[in-house]
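What follows is a set of notes on a single structure, which appears directly below.
What follows is calculated from the coordinates using simple rules that are stated; it is not laboratory data. Keep in mind that what you see is a predicted model, and the values were worked out from it rather than measured. Methodologically, a virtual Cβ is constructed for each residue, glycine included, from the backbone with ideal geometry; neighbour enumeration extends over all protein chains shown.
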Amino acid sequence: MTMARFAEEANISLGMLSKIEHAQTAPSLNTLVNLARAAEVPLTALFRGLDEEHDLVITKAGEGQEILHEGSGPHRIYQDLGSLRGPSRSIEAMLTTVTADDEHFPLYQHQGVEFLHVLEGSMEYGYGSSSYKLNAGDTMQIHGEVAHGPVAILSTPVRFLSIKVYPESS
């Protein structure tokens, strides 16, 4: 089930679901009931084990959760490769697939650092005022605060893994 479909089933907006997922808002009891119903679990399952255990997330090949992301479009697929529960996300792994160079790409900025590994294809990747050609097998490590993102697709499809590591919350 896509995040958009899950949000629809829970009768909330995709933006609200994202804010709940990233602990940027506290949902009402009614919203929690709707989320549990959409997930087909009892309400108590949303709270079970938060203090007693630490999560383990396994994402099987091809089962990464497709997400709507700034810059999503018909030729760009973003897959969340799993994240641990909790009040703050410390690491975010995403697989991005671009099948055509037919639109402008947004540049991203975020806290922390990011590691990129190109799995397939080639692209020009912008970082600040410069851009760098990345081919399959190439890696790049950057500071997230600097504007960055693909600026040109040179050979398709392009698939790359990005791992964002956020600073610890105080």
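Remark: region 1-52 is approximated by an ellipsoid whose semi-axes, taken from the C-alpha gyration tensor as √(5λ), come to 17, 13, 10 Å, largest first.
The peptide list 33-39, 104-110, put in order of mean Cβ contacts within 10 Å with the highest first, becomes 33-39, 104-110. Take every Cα pair under 8 Å whose residues are at least 6 apart in sequence, average their separation, divide by the length of region 1-52, and the relative contact order is 29 percent. Simple spin-label estimate for residue 11 and residue 155 gives 5.2 nm between the two label positions (7 Å along the Cα-to-Cβ direction from each Cα).
Residue by residue, region 113-124 carries 3J(HN,Hα) couplings of 10, 9, 10, 10, 9, 7, 8, 7, x, 8, 7, 9 Hz when phi is fed to the Karplus relation 6.51 cos²θ - 1.76 cosθ + 1.60 (θ = phi - 60°); x denotes Gly or Pro.
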